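**Student:** Quick one: this structure, given as structure tokens, is what I'll be asking you about.
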């Protein structure tokens, strides 16, 4: 197994764990939720990307691993089984490795955004944002 796959799976591990805890087995069909933190939503996107690239048997194996991990969130072996499914998918699909690497934040990148008050906006990057009443945007 390539060191690159091992490293990527180590990086995505916390996102997977948080997504499984937040979404459970519906992680494969659930849309992103504003009520769930960014870590869980990234984990959801990772799991969905893997699930969509697997065949029927691969999907069933990944779903079973996620279900076990969701039912026993403190079980390190269950979490490891999910990571093992990710490794298997990455070994079978080189393009998936690139896709998942692009989803991860850049090394050392930390973004903290705090919002407070009515009509506040939180964003890492933003084009145009308007929160006032009767606002006109000029091109």
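The values are calculated or read from the model by the stated rules, or taken from the named source; none is laboratory data. Computed from a predicted model, the values in this text were never measured in an experiment. Using ideal geometry, Cβ is built from the backbone for each residue, glycine included, and neighbour counts are taken over all protein chains shown.
**Student:** Out of 57, 84, report the one residue that is modelled with pLDDT of 95 or more and more than 23 Å from residue 6 (Cβ to Cβ).
**Tutor:** 57
**Student:** Name the single residue, out of those in segment 61-83 being closer than 19 Å to residue 44 by Cβ and free of Cβ contacts under 8 Å to residues at least 12 places away in the same chain, that is surrounded by the most Cβ atoms within 10 Å (Cβ to Cβ).
**Tutor:** 64
**Student:** Next question, about the same structure. Against the definition (part of a helix (DSSP H, G or I) and more than 19 Å from residue 18 (Cβ to Cβ)), how does residue 44 come out, yes or no?
**Tutor:** No: the conditions fail for residue 44.
**Student:** In segment 94-116, what count of residues is obtained for those that are modelled with pLDDT of 70 or more and either farther than 21 Å from residue 20 by Cβ or assigned to a helix (DSSP H, G or I) (or both)?
**Tutor:** 11
**Student:** Follow-up. State yes or no: is residue 55 surrounded by 12 or more Cβ atoms within 10 Å (Cβ to Cβ) and at negative phi?
**Tutor:** no
**Student:** Looking only at segment 1-10, which residues are surrounded by fewer than 16 Cβ atoms within 10 Å (Cβ to Cβ), assigned to a helix (DSSP H, G or I) and touching a helix residue (DSSP H, G or I) at 6+ places or on another chain (Cβ under 9 Å)?
**Tutor:** Answer for segment 1-10, where residues must be surrounded by fewer than 16 Cβ atoms within 10 Å (Cβ to Cβ), assigned to a helix (DSSP H, G or I) and touching a helix residue (DSSP H, G or I) at 6+ places or on another chain (Cβ under 9 Å): 4, 6, 10.
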